[in-house]
Structures are given as structure tokens and as C-alpha cells.
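The values are calculated or read from the model by the stated rules, or taken from the named source; none is laboratory data. Predicted, not measured: the structure shown is a model, and the values here were computed from it. Glycine gets a Cβ as well: all are built from the backbone with ideal geometry, and neighbour counts include every protein chain shown.
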Amino acid sequence: MTPSQKKIITTLSIIAFVLFLAVGLYAFQNYQVFAKQPLGPGLPFSELQLPPTWTPTVGTPAGMVTLVPTISIPGTNTPQPMCGGPYIMNIVAVGADSRSDNYQYGLSDAIRLVRVDFVTPKITVLEFPRDLWVKIPHIADNLNGIDEGKLNQAYLFGQPGDGFHYWDDPSAGPGLLSLTLNLNFGVQADHYVAVNMRTFVKIVNAVDGIDIDVKDKTMSHNTDLPVGINHLNGDQALKVARNRQEGGFQRANNQNIVLCALRKKIASPNVVTQIPELIESFRDNILTDFTPEQLTQLACLGTRMPTENIVFASFPEEIFTPTRHIPDVYGNNPNGTFIWDVDFNIIRDYVTRFHAGTWPEPKINIPTTEEETEVVCE
């Protein structure tokens with residue numbers, strides 16, 4: 001090889017290397033842009049009522065409001081959050097009863113407020129009974145002045161299906177439900193995620209099913225499963241989650257058992273490596289305003305989360321009284337509508353403490369009423 005040829009090859013190699021770096025940098029920048037793009041419309045933060053004692057977390061980007069008590073604003077000596085996440089993230093999670101492949105319709109069959117602590121780390125999940133009679137914003141003009149209904153109807157009234165699209169915000173049902181929770185109970189939400197029944201079945205099947213340990217005959221009756229370890233496919237898991245033989249509170253408990261089992265399966269070594277592919281495969285089948293980057297943060301946190309730091313909480317049953325709202329404002333039932341009667345100020349107090357991370361309290365040896373409302377994943 002002549003000196004001239006060597007110079008030419010060296011020059012071409014340098015050019016090729018520079019081009020490689022340029023293409024790699026461009027691809028990385030494009031990924032960064034993609035990773036930060038929400039997968040759906042964000043919540044209407046401008047309409048959320050913010051209590052005067054709450055302020056955005058330090059360092060939270062504009063438009064991504066994570067609310068924490070003023071006294072808990074992180075300082076310079078505060079441990080940094082794991083996985084690149086915020087200090088606290090609050091999520092409204094919805095399980096819709098629609099069996100179709102789209103999200104045009106559906107009531108919110110399961111309603112949860114999820115508090116994710118990226119510092120401790122800890123995840124606490126609070127169940128809201130769907131049969132609470134609440135004020136629902138933005139519906140009066142479409143319902144002859146009626147501005148109230150069951151909590152689970154707020155999601156339906158916000159969805160884009162014909163006859164129920166009662167407000168025009170892009171966040172649709174999850175946004176209207178979040179506003180309703182905020183208006184009635186002071187719930188502060190940063191993000192939402194909604195899954196319909198068909199997608200839930202597909203998710204369980206995608207991880208090859210879940211295992212539920214039915215410990216006694218009472219639990220067996222509640223879940224229609226024999227005592228012992230039961231391996232469930234998606235349809236069977238959905239049946240357990242929707243079982244309400246013992247009433248709405250027991251159904252919520254059944255849902256928590258299913259969610260614990262699903263979390264355990266997702267965290268298993270043979271599934272955790274598939275999380276990015278699972279997120280990608282279900283991206284178009286779930287309603288959410290998360291970005292791919294935030295989903296990755298949550299997946300990362302899930303792999304580091306001690307099992308005992310995942311807690312499912314419910315309001316104490318004794319604060320609720322079964323009754324009927326008469327007349328049925330929608331004219332469908334002459335006997336009225338079943339609802340839970342409860343002092344909303346009591347619920348607001350629990351929600352405030354939930355947001356602050358002071359309720360539910362850690363388990364102690366002496367059982368208390370509030371302690372009985374907890375389900376800790378095993």
C-alpha cells in the first residue's frame with residue numbers, strides 16, 4: 001500500500017467515524033425527545049384546586065406538578081430519589097369495565113390513588129369506593145342542570161363515546177375523574193393510567209398468568225377458588241377482581257390481592273427483563289399521560305422495591321352507611337340508586353394524610369381500626 005493510499009484510507013476512516021458519531025448523537029437526541037413525550041394528553045392542572053398548604057416539589061418541571069406538604073419540601077440534605085424519578089408522584093389509576101378494544105365508553109369499575117415515593121422507596125395504593133355520590137364538574141349543561149352522580153360515572157361522562165362526551169378536554173374520562181376526586185376529596189394527581197378489562201386480561205396473559213394463595217375457606221368463598229395456590233390466566237384473574245359476592249369492600253380487597261400477585265409476577269427475574277417490550281406492546285392499549293422515560297423510572301423502582309413497602313389501603317368500612325339516592329336523577333330506577341353515605345370531611349382528612357405519607361401508619365403489634373384497612377403485598 002502506497003503512502004498516498006494509506007492517507008486516503010485514514011481520511012475516509014476519520015470521516016466514517018465522525019459520521020457514526022453524528023448519526024449516533026442524532027438518534028440519541030431523537031430518543032431523548034421521544035422518551036420525554038407524553039403518551040397521552042396531560043391532566044388539566046389549571047382546574048385543579050390546590051390547598052394553600054401544598055406546593056410543587058422542588059425541581060419538578062413546569063407542567064409536571066407533584067404535590068407534597070410544604071413542611072416536607074426536600075432540602076439540600078434530603079436523599080435523592082431513585083431511578084431519576086421525582087421525590088413523590090401521585091397517580092389516578094382506573095380499571096374501566098369496558099370489554100371493547102377501545103376506550104369510547106366504560107365506567108370506572110376500580111378507582112385507585114397511587115402514591116409513589118422514589119426516596120424511601122414505597123408505593124401506597126388507596127381505594128375509592130365507586131358508589132360515592134359526588135359533584136361532577138362540566139356535566140350540568142348536558143344533563144338538564146344535573147351536576148352530580150356516582151363517582152364511577154365521572155369517567156364515563158368524560159369519555160369520547162357518543163352521548164357521554166360531556167367535556168372537551170383532551171384528558172377525557174381520566175381527566176374528569178381526577179377533577180371530580182379533587183373537587184370532592186382534595187385529591188392531588190400528577191398522572192393517570194386507565195386500563196379496560198380486555199387489556200387487563202391481555203397483560204396477565206402476557207406474563208403467563210399470576211399465582212394467588214387462597215389461605216382459608218372464607219377467602220375461598222370470596223374468590224370462588226379452592227384453598228391453596230391457584231394459577232390464574234387473564235380471564236380468571238379478571239373474574240376474581242370483579243367478584244362481589246361479599247359486597248363492594250370485599251371486591252376491592254379481591255382486586256388488591258390480584259394486583260399484589262401481578263406485581264410479584266412482573267418483578268420475577270424471567271419477566272423483569274421483558275418490561276421494556278411489555279410497555280411498548282401495550283402502549284397503544286392503555287390510556288396514560290406518562291412519558292416512556294417516566295414508565296422506565298417506575299419499572300426501575302419496581303425492581304428495587306421491598307415487597308413489604310407496597311401497601312394497599314382502604315378507608316375504614318365503619319365510616320360508610322349503605323343507602324339509596326332517591327329519586328334516581330337519571331330516571332332509570334324508581335327505587336333510586338345504591339350509594340354509600342359518608343362525611344366527605346372525614347375522607348378529605350384521610351386523603352390529606354395519605355398525600356403527606358402519614359397514613360396508613362406502619363403496622364404495629366396492637367391492632368387498630370385503621371390497620372385493618374391495609375393489605376401488604378407478600
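Scanning region 169-205 for residues that are assigned to a loop (DSSP other than H, G, I, E, B) and either within 16 Å of the chain's Cα centre (by Cα) or polar (S, T, N, Q) (or both) yields 171, 187, 188, 189, 190.
Here residue 94 clears all of (1) β-branched (Val, Ile, Thr); (2) within 25 Å of residue 35 (Cα to Cα); (3) at pLDDT below 75 except the condition numbered (3).
Looking at residue 172, is it among the hydrophobic types (A, V, I, L, M, F, W, C), at positive phi and touching a residue at least 12 places away in the same chain (Cβ under 8 Å)? So residue 172 passes the test. Scanning region 307-321 for residues that are in contact (Cβ under 8 Å) with a residue 60 or more places away in the chain and not aromatic (Phe, Trp, Tyr) returns 307, 308, 309, 310, 311, 313, 314, 317. Only one entry in 255, 294 is farther than 21 Å from residue 85 by Cβ, part of a helix (DSSP H, G or I) and either at pLDDT below 85 or under 18 Å from the mean Cα position of the chain (by Cα) (or both), namely 255.
Filter region 177-205 down to the residues that are modelled with pLDDT of 85 or more and out of contact with any strand residue (DSSP E or B) (no Cβ under 7 Å at 6 or more places or on another chain), then identify the one that is surrounded by the fewest Cβ atoms within 10 Å (Cβ to Cβ). Among residues in region 177-205 that are modelled with pLDDT of 85 or more and out of contact with any strand residue (DSSP E or B) (no Cβ under 7 Å at 6 or more places or on another chain), the one surrounded by the fewest Cβ atoms within 10 Å (Cβ to Cβ) is 205.
If only residues of region 123-142 that are touching a residue at least 24 places away in the same chain (Cβ under 8 Å) and aliphatic (A, V, I, L, M) are counted, the one that is farthest from residue 170 (Cα to Cα) is 123.
Quick check on residue 346: is it modelled with pLDDT of 75 or more, hydrophobic (A, V, I, L, M, F, W, C) and touching a strand residue (DSSP E or B) at 6+ places or on another chain (Cβ under 8 Å)?
Answer is no for this residue.
Among residues that are outside any helix (DSSP H, G or I), farther than 24 Å from residue 189 by Cβ, modelled with pLDDT of 90 or more and not polar (S, T, N, Q), residue 334 is not included.
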